[in-house]
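J.: If you scroll down you'll find the structure; I have some questions about it.
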Amino acid sequence: AGDDKMVKLWSTDSWTCARTVSMPKKVSAAAFTHDSKHYFCADKFGEVHSCAVDDSADPVLVLGHCSTIITDLECMAGGKTGYVLTGDRENKIRVSVMPKPEDRMRFPGSAPEIQSFCYAHTAHVSCVRKVVQKPKVMEEWTTKDTFISASADSYLRMCDAASGKETDPGAAIAFNNGTIVDVATRYEGSHVAVALEGRDTLGVVHLTQFRGVPKLFLVGW
């Protein structure tokens, strides 16, 4: 997805474009829902639209941030139906309750319920990523629905989607030598790669837990 207002759905079997969707505004972020039935697209006017993977129906407005740019979007399992994480230019992350599959392609008259807000950052949010861990590891965590966020304030943090609070404020990592522009997680959730503006090496962060509390630990570069 990009500034041309086009969202392209690709097949990784044939590496061909399966569908192109025209959005009303420039797209700033996109993500598949945790059940892979839909994908959400956020734009630079603060709106999130839903598209069906196996349907050619037009995009449907799902939710929006009032008068601000959505900088990143992530969908994750958790709660009863899942969560939609949206970060913005006003330093906050909104955690919305994921609409049920039958409600994602229709506007029921109101936006999804807001589960929480995360106000841990002091500059615009550049990245939000769900944490996917092995079931055996997650069983030991006191906080199950965790996600990682990064910001222009150079901090990497881990938060609880249900409450919007940090799992451990003291475990936040400060990258004092640059703005964090992107974060990538390994599928099994054990490590995170952090990209900083103006730096040609990646920071490697280990996801761990102490007495059931999820924590972040900087490994190196």
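The values are calculated or read from the model by the stated rules, or taken from the named source; none is laboratory data. Worth saying up front: this structure is predicted, and the values here are computed from it rather than measured. Cβ coordinates were reconstructed from backbone atoms using ideal geometry, including for glycine residues, and neighbour counts include every protein chain displayed. Note: accessible area is taken over every heavy atom of the protein model, side chains too, but ligands, DNA and RNA are not part of it. Shrake-Rupley method; radii C 1.70, N 1.55, O 1.52, S 1.80 Å.
J.: Rounded to the nearest 10 Å², what accessible area does SER14 show when all protein chains are kept and the probe is 1.4 Å?
T.: Its accessible surface works out to 70 Å², give or take rounding.
J.: Once neighbouring chains are kept in place and the probe is 1.4 Å, which whole percent of the accessible area of the stretch 1-78 is contributed by carbon and sulfur? Before the final figure, lay out each step's value.
T.: Numbers: 2030 of 3910 Å².
About 52 percent, which is the carbon plus sulfur part of the accessible surface.
J.: Let me know the shape class of the stretch 175-221, please: from the alpha-carbon gyration tensor, a ≥ b ≥ c as square roots of the eigenvalues, rounded when a/c is under 1.5, otherwise prolate if a/b is greater than b/c, or oblate.
T.: Values: a/c = 2.64, a/b = 1.88, b/c = 1.41.
Cα axes put the stretch 175-221 in the prolate bin.
J.: What does a probe at ILE114 reach in the stretch 164-197, counting residues whose amide N is under 14 Å from the point 7 Å along Cα→Cβ?
T.: From the stretch 164-197, the list is 164.
J.: May I ask you to compute the full-extension gain from TRP221 to THR16, defined as 0.36 nm times their residue separation minus their alpha-carbon distance, rounded to one decimal in nm?
T.: 70.3 nm
J.: Work from the charge dipole of the chain (Cβ charges, +1 for Lys and Arg, -1 for Asp and Glu, about the Cα centre) and give the residue of PHE32, ALA171, ALA184 farthest towards its positive end.
T.: Working it through, the farthest residue towards the positive pole turns out to be ALA171.
J.: In addition: Which sequence of TRP15, TRP221, TRP141 reflects their accessible areas, 1.4 Å probe, from the largest down?
T.: From most accessible down to least: TRP15, TRP221, TRP141.
J.: Based on the alpha-carbon gyration tensor of the stretch 84-173 and its eigenvalue square roots a ≥ b ≥ c, which shape applies: rounded if a/c is under 1.5, prolate if not and a/b is larger than b/c, or oblate? Present the calculation step by step, with values, prior to reporting the outcome.
T.: On the way: a/c = 2.35, a/b = 1.25, b/c = 1.88.
It comes out oblate by the Cα gyration axes.
J.: Please give the length that would be gained between ASN176 and LYS144 if that part of the chain were fully extended, namely 0.36 nm times their separation in residues minus their C-alpha to C-alpha distance (nm, one decimal).
T.: This chain segment gains 8.6 nm when fully extended.
J.: Of GLY87, GLY203, GLY164, which is the most mobile in a GNM of the chain whose springs link Cα atoms less than 10 angstrom apart?
T.: Looking only at GLY87, GLY203, GLY164, the largest GNM fluctuation is found for GLY203.
J.: Suppose every Lys and Arg Cβ carries +1 and every Asp and Glu Cβ carries -1, with no other charges. What dipole size does the stretch 41-142 come out with about its Cα centre, to the nearest 20 debye?
T.: 300 debye
J.: Run the helix sum for the chain: -39,500 (n - 2.57) per DSSP H stretch of 4+ residues, divided by residue count, reported at 222 nm to the nearest 500 deg cm²/dmol.
T.: Helix contribution divided over all residues of the chain: -500 deg cm²/dmol.
J.: Please list PHE147, PHE217 in order of solvent-accessible area, largest first, computed with a 1.4 Å probe with all protein chains present. Kindly include the intermediate steps, with their values, before the conclusion.
T.: On the way: PHE147 0, PHE217 125 Å².
Sorted descending by solvent-accessible area, the residues read PHE217, PHE147.
J.: At a 1.4 Å probe radius, which order do LYS215, LYS100 fall into by accessible area, largest first?
T.: LYS100, LYS215
J.: Would you kindly find the accessible area of LEU202, with a 1.4 Å probe and non-protein molecules such as ligands, DNA and RNA excluded, rounding to the nearest 10 Å²?
T.: 90 Å²
J.: Turning to a different aspect of this structure: Keeping all protein chains in position, work out how much accessible area LYS25 exposes to a 1.4 Å probe, and write it in Å² to the nearest 10.
T.: Accessible area, nearest 10 Å²: 70 Å².
J.: Starting from the Cα of LYS8, draw a straight line to each of the lysines and keep only those under 20 Å, dropping any in the same chain fewer than 8 residues away.
T.: Candidates past the 8-residue exclusion: LYS25, LYS26, LYS37, LYS44.
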